[in-house]
Amino acid sequence: MKYEKFQAPKGVREYLPPESTAFEWVREQLISPARLAGYQLMELPVFEDTNLFSRGVGESTDVVSKEMYTFEDRGGRSITLRPEGTAGVMRAVIEANLDRGQLPVKVWYSGQYFRAERPQAGRYRQFYQVGIEAIGLDDPAIDAEVIAIADRGFKNLGLKKYSLQITSLGDAASRAAHRADLVKYFATLSLDEVTQARAALNPLRLFDDKRPEMIEAMKSAPILLDYLSKEAAENFEKVQSYLKNLGIAFEINPRMVRGLDYYTGTTFEFVHSELGAQSGIGGGGRYDGLMEILGGQPLSGIGFGLGVDRALLAAIAENTVPQSAFTSDLFIIPLGENSRSDALRIAEQLRAAKIRTEIAFGDRALKGAMKAADKSGARYVIVLGDAEISSETVELKRMTDGSTKSVKIAQLANELQRALITD
RNA sequence: GUGGGCGUAGCUCAGCUGGUAGAGCACUCGGUUGUGGUCCGAGAUGUCGCGGGUUCGAGCCCCGUCGCUCACCCCA
């Protein structure tokens, strides 16, 4: 009787050895700048009350209207697997009253997110993001710092073929004035029903329409940047000057539209040129009303989410991933049943001394075990048989040149530590 | 959700106009008794994604299904 095999659910991306090493590296490079800037970890649930997202992210977004993994739990609650990170962070900050303490609240997070889309290059149903949020202060210098942290993450990866686009969605007054004129402008166009519906939900979305005739039609549409209030315009100017001073290249893209409704003010996106259709490797922006909408104080915040999967694809495309598979310092080959126990004990002691140690398991011939040691990339090898155990001495073999040296087992840790430094 | 391409050994793939499967790499063992990387030799492995149909006969044709992939859409 043979059992049927299982497959991973559709659209999930898994990282197995040896590739997982690269994934781990990318994630670390992306988030380390945030740690260095004083952002602290927030570890949150992957599922939340469905309303948190429909209210926070916005009903008009595709993310909420057709991409959420929503189900009822055993208590009859409507639960949704998180499609993005910011709403959950806000909920936790409000719930724990972190916004009553010193501001800004600076946090980072990392984990998987879920959207029920058709899978594609760089687009998965479960994907990984790292992100940060700086909550509670509306200071353009924070905007610049947040962008700089994201940019440093990509620089850490060695990426070059990416660009930063920024714009400002202004404050409430700016958007209201613009929206009125935009709707008037749409009336002069003959839009099909679907497009009209999108425009009704969020007029800005038409700027993202990729059909040639729409791109043409939107060319003379009023631009939000021209409607910024004096204060919003000044803020945006400051952000730009800070970025210039930081030496971070950017271009202003007044037609940029983000997929989440909560964005206001400074908004940005990192785009990589070698990734095909799914080119966004990260993005974020300020969200003035989000916290209040979610039942908290009317505080502003800004943050970003960076795509770990896509950043990895970008690093692969630019060939910047280091070849750093795990290699051990010492490979122990026990010969015969008697030496197994000693091999385990010696390995344990060496690891306690931070020496990376592997053991050849199973009943392989010595030749096969040596081969395994060689392939593992181990720098030294010892064979442990009856003779070695009774003499308490092993031949420490250096794999690079095959040379050996007699070493007392008790002295192995010291000897290896010395040898590994001078090598 | 819509459309195109694909699905053969662990991996990369070949398999001509239908006649019941191969290569390279990897893997295991060996080249005399306890020392790797080269070389030589030997060996194991597939319900040809799954289900149904056409046919004397299907990996090759048809339908369905699952998955992968690319694009639309959308976004990380």
query = Does at least one position in segment A:117-125 carry a residue that is open to solvent by less than 30 Å² (accessible area, probe 1.4 Å), in a strand (DSSP E or B) and either assigned by TED's automatic domain parsing to the domain that holds A:L41 or modelled with pLDDT under 95 (or both)?
reply = no
message = Please go through segment A:232-268 and give me each residue that is away from RNA strand B (no atom under 11 Å from the Cβ), part of a loop (DSSP other than H, G, I, E, B) and closer than 30 Å to A:I293 by Cα, ordered by number.
response = A:N253, A:P254, A:R255
key: In segment A:183-217, the residues that are more than 12 Å from RNA strand B (Cβ to nearest atom) and either assigned to a helix (DSSP H, G or I) or assigned by TED's automatic domain parsing to the domain that holds A:L260 (or both)   = A:V183, A:K184, A:Y185, A:F186, A:A187, A:E193, A:Q196, A:A200, A:P203, A:E216, A:A217
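Can you report the number of residues in segment A:251-268 which are of a type in the set (G, A, S) and either open to solvent by less than 20 Å² (accessible area, probe 1.4 Å) or in contact with a Pro (Cβ under 8 Å, 6 or more places away or on another chain) (or both)?
Residues meeting the conditions: 1.
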query = Given A:I94, A:I31, which one is open to solvent by less than 40 Å² (accessible area, probe 1.4 Å) and away from RNA strand B (no atom under 16 Å from the Cβ)?
reply = A:I94
ask   = Among A:D208, A:D226, which is the only one that is of a type in the set (D, E), without any contact (Cβ under 8 Å) to a residue 60 or more places away in the chain and within 18 Å of A:A180 (Cα to Cα)?
value = A:D226
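Yes or no, residue by residue, for (1) surrounded by fewer than 18 Cβ atoms within 10 Å (Cβ to Cβ); (2) touching a Leu at 6+ places or on another chain (Cβ under 9 Å); (3) of a type in the set (G, A, S):
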{"position": "A:A365", "(1), (2), (3)": "yes, no, yes"}
{"position": "A:G368", "(1), (2), (3)": "yes, no, yes"}
{"position": "A:A378", "(1), (2), (3)": "no, yes, yes"}
{"position": "A:G385", "(1), (2), (3)": "yes, yes, yes"}
{"position": "A:L396", "(1), (2), (3)": "no, yes, no"}
{"position": "A:D401", "(1), (2), (3)": "yes, no, no"}
{"position": "A:T404", "(1), (2), (3)": "yes, yes, no"}
Single condition A:I333 does not satisfy, out of (1) under 30 Å from A:S279 (Cα atoms); (2) touching a helix residue (DSSP H, G or I) at 6+ places or on another chain (Cβ under 9 Å); (3) within 10 Å of RNA strand B (Cβ to nearest atom) = (1)
inquiry  = Just to verify a result, which residue in segment A:132-182, among those that are farther than 30 Å from A:G111 by Cβ and open to solvent by less than 10 Å² (accessible area, probe 1.4 Å), is nearest to the chain's Cα centre (by Cα)?
reply    = A:G170
request  = Return the residue satisfying two criteria in turn: it lies in segment A:278-297 and is among the charged types (D, E, K, R) and away from RNA strand B (no atom under 16 Å from the Cβ), and of such residues it is farthest from A:E318 (Cα to Cα).
outcome  = A:E292
message = Checking the conditions here, which among A:N156, A:N245, A:N253 is in contact with a helix residue (DSSP H, G or I) (Cβ under 6 Å, 6 or more places away or on another chain) and either among the aromatic types (F, W, Y) or under 25 Å from A:A134 (Cα atoms) (or both)?
response = A:N156
Pairs, first part of a loop (DSSP other than H, G, I, E, B) in segment A:1-18, second at pLDDT 75 or above, C-beta under 6 Å, six or more apart = A:G11/A:P119; A:G11/A:Y124; A:G11/A:R125; A:R13/A:Y124; A:R13/A:D309; A:Y15/A:F23
task = Within segment A:221-233, identify whether any single residue is within 24 Å of A:Y113 (Cα to Cα), open to solvent by 50 Å² or more (accessible area, probe 1.4 Å) and in contact with a helix residue (DSSP H, G or I) (Cβ under 6 Å, 6 or more places away or on another chain), and answer yes or no.
result = no
remark   = In the set A:K367, A:K371, A:K397, A:K354, the lone residue that is more than 13 Å from RNA strand B (Cβ to nearest atom), of a type outside the set (A, V, I, L, M) and in the same structural domain as A:A410 (by TED's automatic domain parsing) is A:K354
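The values are calculated or read from the model by the stated rules, or taken from the named source; none is laboratory data. Here the structure is a predicted model, which is why all the values come from computation and not from measurement. Here the Cβ is made from the backbone with ideal geometry for all residues, glycine too, and neighbour counts use every protein chain on show. When the accessible area is computed, the model is the full protein with side chains, heavy atoms only, and any ligands, DNA or RNA have been set aside. Shrake-Rupley method; radii C 1.70, N 1.55, O 1.52, S 1.80 Å.
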